[in-house]
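The values are calculated or read from the model by the stated rules, or taken from the named source; none is laboratory data. What you see is a predicted model, and the numbers here were worked out from it, not measured in a lab. In this analysis, Cβ positions are derived from the backbone assuming ideal geometry, glycine residues included, and neighbour counts consider all displayed protein chains. In case anyone asks, the SASA skips ligands and DNA or RNA and just uses the protein heavy atoms, side chains included. Shrake-Rupley method; radii C 1.70, N 1.55, O 1.52, S 1.80 Å.
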Amino acid sequence: MRIDFFFDPMCPWCWITSRWIVEVEPQRDLDIHWRTFSLLEKNRDRMAAEYLDRVSAGHNALRLAEALRAEEGERAVGMFYTELGARIHHDRVPADEIELATVLNNVGLSRDIVSAADDATWDMAIRASMDEGIALAGEDVGVPLISFDRKTAYFGPVVTPAPHGDAALQLWDSVATLAQFPGFYELKNSARAKPEFGKRPIVARLTGSSS
């Protein structure tokens, strides 16, 4: 099954969901495509000024993710997100203080592409990615956003902490079952616990082709 996982590296809930789906991936034969979704682009007009620097740093990282996709392929995008997300959410390094060149180097990717983070021409690719997710799920969504075989998409699941083992598979099977019903729109609980990130992921380095 093709899964398009739309992410912004700044969102802690998206990060938790991404680690859950990474665990599920090999056990349910998922083909994950890591898709950009800018919270800056989506919420700029109603975002408090104190958040702009951090969310802008996330947007710049998404530009770099699109450049990586063009140069190296999907696997490189996933590795980049894993290393960046671990630094933001586990190491608690402010996103606007992270050197993206170091992030690239740590996963075996060329630092030469880092200038893409400041290249606004990549915003078109981010916008196109967002438009695809929104076309399937509607305007009132953010991340995590998951598309199933590019036929339907849902915001969520938002969960903390991420389940592991059999529980992770049970949650996936439940979500995938709901996604089979085209008339299913929403299942929501507005209660909020603080995000629990669990263990810091082990970040692999790129070897061979990543496409």
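Some points to look at:
- Accessible surface of the chain [probe 1.4 Å, protein heavy atoms]: carbon and sulfur percent: 50
- Charges were assigned to the Cβ only: +1 to each Lys and Arg, -1 to each Asp and Glu. The resulting dipole of region 143-210 about its Cα centre is roughly 320 debye.
- Total charge dipole magnitude, region 35-84, about the Cα centre, Cβ charges on Lys, Arg, Asp, Glu only, Debye to nearest 20: 180
- Each distinct pair of alpha carbons in region 107-209 adds a 1/r term; the inverse of their mean, the Kirkwood radius, is 17.0 Å.
- By average C-beta atoms within 10 angstrom, highest first, the peptides 38-44, 1-7, 14-20: 14-20, 1-7, 38-44
- Positive-end residue, region 119-211 charge dipole about Cα centroid, Cβ charges, pick of PHE155, PRO195, THR177: PRO195
- For ASP29, the shell of other residues with beta-carbons less than 15 Å away shows a net charge of -3, using +1 for Lys and Arg and -1 for Asp and Glu.
- Simple rule: put +1 on each Lys or Arg Cβ and -1 on each Asp or Glu Cβ in the chain, find the dipole, and look at ALA120, MET47, HIS164; the Cα lying farthest toward the positive end is HIS164.
- Dipole magnitude (debye, nearest 20) for region 51-170, charges at Cβ of Lys, Arg, Asp, Glu: 260
- Within the shell defined by Cβ-Cβ distances under 10 Å, the residues around ARG63 carry a net charge of -4, with Lys and Arg each +1 and Asp and Glu each -1.
- Accessible solvent surface per residue of the chain, calculated while the other protein chains remain in place, 1.4 angstrom probe, Å²: 52
- Sequence-ordered 3J(HN,Hα) estimates for region 7-24 from the Karplus curve with 6.51, -1.76 and 1.60 and θ = phi - 60° stand at 9, 10, x, 7, 7, x, 5, 4, 4, 4, 5, 5, 5, 5, 6, 5, 5, 6 Hz, glycine and proline given as x.
- Extension gain (nm, one decimal) between GLU50 and LEU169, 0.36 nm per residue minus Cα-Cα: 39.0 nm
- Global form of region 66-127, assessed from the alpha-carbon gyration tensor, a/c cut-off 1.5: prolate
- Kirkwood hydrodynamic radius of the chain, Cα pairs, Å: 17.4
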